[in-house]
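Chemist: One structure, pasted below without further comment.
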Amino acid sequence: MSLQRPVGSDHQLARLLQIGVVLEEVVEARADKHASVSADLDPAVERLLDHAAEESEQHRRALEELIAELDAETVPFDEIQTLVEAQYESDDEFDGVLYDQLCNEETAYKFYDDLIEAIETSETDFSIDRDRLLSTLERIRDEEADGVEEVTELMEERE
Amino acid sequence: MNTANQYLKAIYLVQEQEDGPASTGDVADMLEVSPASANEMIGKLEEQDLLEHEKYKGVDLTDEGIHRAREALQNYCIIERFLLEVLEVEEFRGEAKQLEGVIDETVAERLDTIIDREPQCPDCFDAEDDVCGLIELEAEASD
């Protein structure tokens, strides 16, 4: 057990980026699943889910490019999709579609925010360009923040 | 997981092992920090009513402290299981230790949606080996 410390190696960075990819894959798979099982979705919610799935795919592609430069691999999307399906079906207390989407966006935002902070406080010389790494993660984090706002607005409209 | 929660988890595990109060030395050892740092944080946690500290006796978590520690331990189990089951990391124990400071509770909750975790978690955690006891059993069963 060790106390909170900044990212200390390429290996650890790659591992954290892999987790980012999985989080994006979970968002994408859950958004797809919501859309497929809910027949009478409000068009605005449907658009939101489509947009979320699309954006997650773009995010994971960007993360995958970084991971490839670190000589690591990612978990294929279909594997995560299968895991999401398995747990989704057994989830009896599934919250509303929008609430779940809000959790997705908030979680992703928090993850990238913590990761950026950990990288910024690290003195490790990564084999990947630090500025490019940080600007990619910052862009993704900002898009997650926009996503939180969009879902919140939609939830408020429907209250 | 923030530093306070990591301390609460460590104190909880030492108390489990000792079946009584945890000495600040043991807590410092578990977290690989100096006794002075451990004392400072223990003081802060006491101010928040998360534990009681009696000199020469040790540290006892309050009910709220136990609740927070168990949540932190559960998050740690999620990270271990996620690394093993999804990313198939052989050295999942060592890597979970490295990552727990960067993986927030909300992130662990999301990772939890794609792993298999038993309802008794975190009671099955083996403090001595710093791993979910059921992971060991599952590994033996698949051998």
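Chemist: Is the shape of the stretch B:3-66 best called rounded, prolate or oblate, per the rule: a/c under 1.5 gives rounded, else a/b larger than b/c gives prolate, else oblate, with a ≥ b ≥ c the square roots of the Cα gyration tensor eigenvalues?
Modeler: Working: a/c = 1.25, a/b = 1.07, b/c = 1.17.
It comes out rounded by the Cα gyration axes.
Chemist: Then there's this: From the phi of every residue in the stretch B:23-30, what ³J(HN,Hα) in whole Hz does the Karplus formula 6.51 cos²θ - 1.76 cosθ + 1.60 yield, where θ is phi - 60° and glycine or proline is x?
Modeler: 6, 5, x, 5, 5, 4, 4, 5
Chemist: Also: How shielded is B:108-116 by partner chains, expressed as the average number of their Cβ atoms within 10 Å of its Cβ atoms? Let's see the in-between values first.
Modeler: Numbers: counts 1, 2, 13, 6, 1, 11, 16, 2, 3.
Mean shielding by partner chains, rounded to a whole number: 6.
Chemist: Could you compute the net charge surrounding A:I116? Neighbours are other residues with a C-beta less than 10 Å from the C-beta of A:I116; K and R count +1, D and E count -1.
Modeler: Residues near A:I116 contribute -4 overall.
Chemist: Under 5 Å between amide H atoms, partner at least 5 residues away or on a different chain: which partners does B:T62 have, H built in plane at 1.01 Å?
Modeler: B:L51, B:E52
Chemist: Then there's this: Rounded to the nearest 500 deg cm²/dmol, what is the calculated helix-only ellipticity per residue at 222 nm for chain A, with -39500 (n - 2.57) per DSSP H run of length n ≥ 4? Present the calculation step by step, with values, prior to reporting the outcome.
Modeler: Working: 5 runs with 121 residues, N = 159.
Taken over chain A, the calculation gives -27000 deg cm²/dmol.
Chemist: Can I ask one more? Which one of A:H51, A:I119, A:V148 is farthest out on the positive end of the charge dipole of chain A, using unit charges on Cβ (Lys, Arg +1; Asp, Glu -1) and the Cα centre as origin?
Modeler: A:I119
Chemist: Specify whether the C-alpha gyration tensor of the protein assembly as shown places it in the rounded, prolate or oblate class, a ≥ b ≥ c being the square roots of the eigenvalues: rounded for a/c under 1.5, otherwise prolate if a/b is larger than b/c and oblate if not. Present the calculation step by step, with values, prior to reporting the outcome.
Modeler: Working: a/c = 1.74, a/b = 1.56, b/c = 1.12.
Judged from the Cα gyration tensor, the protein assembly as shown comes out prolate (a/c at least 1.5, a/b above b/c).
Chemist: Could I ask something else about it? Might you report the magnitude of the Cβ-based charge dipole of chain A about its Cα centre, with Lys and Arg at +1 and Asp and Glu at -1, to the nearest 20 debye?
Modeler: Values: 13 positive and 47 negative charges, 124 e Å.
Dipole size: approximately 600 debye.
Chemist: How long is the stretch A:34-159 along each principal axis, judged by its Cα atoms, biggest number first, in Å?
Modeler: Over the stretch A:34-159, Cα extents along the principal axes are 51, 31, 22 Å.
Chemist: Using θ = phi - 60° and the Karplus form 6.51 cos²θ - 1.76 cosθ + 1.60, what ³J(HN,Hα) does each residue of the stretch B:62-73 get, whole Hz, x for Gly and Pro?
Modeler: Once θ is set to phi - 60°, the couplings for the stretch B:62-73 become 7, 4, 5, x, 5, 4, 5, 5, 5, 5, 5, 5 Hz.
Chemist: Given charges of +1 on the Cβ of Lys and Arg and -1 on the Cβ of Asp and Glu, with all other atoms neutral, how large is the dipole of the protein assembly as shown about its Cα centre, in debye to the nearest 20? Working shown, then result.
Modeler: Values: 24 positive and 85 negative charges, 173 e Å.
Dipole of the protein assembly as shown, to the nearest 20 debye: 820 debye.
Chemist: What number results when the radius of gyration of the stretch B:75-142, computed over Cα atoms, is divided by 2.2 N^0.38 Å? Working shown, then result.
Modeler: Numbers: Rg = 11.1 Å, N = 68, 2.2 N^0.38 = 10.9 Å.
That works out to 1.02 for the stretch B:75-142.
Chemist: Sticking with this one: Given an 8 Å cut-off on Cα distances and at least 6 residues of separation, report the relative contact order of chain A as a percent.
Modeler: Contact order relative to length: 34 percent.
Chemist: Still on this model: Across 10 Å bins from the origin, how do the percents of Cα pairs in the stretch B:15-143 run, short distances first?
Modeler: 12, 39, 33, 15, 2
Chemist: Oh, and also: On C-alpha positions alone, give me the angle between the axis of helix A:10-37 and the longest principal axis of chain A, in degrees, nearest 10.
Modeler: Around 10 degrees separate the two axes.
No value in this document is a laboratory result; all are computed from the given coordinates. Since the model is a prediction, treat every value here as computed from it, not as a measurement. We place every Cβ from the backbone using ideal geometry, glycine too, and count neighbours over all the protein chains shown.
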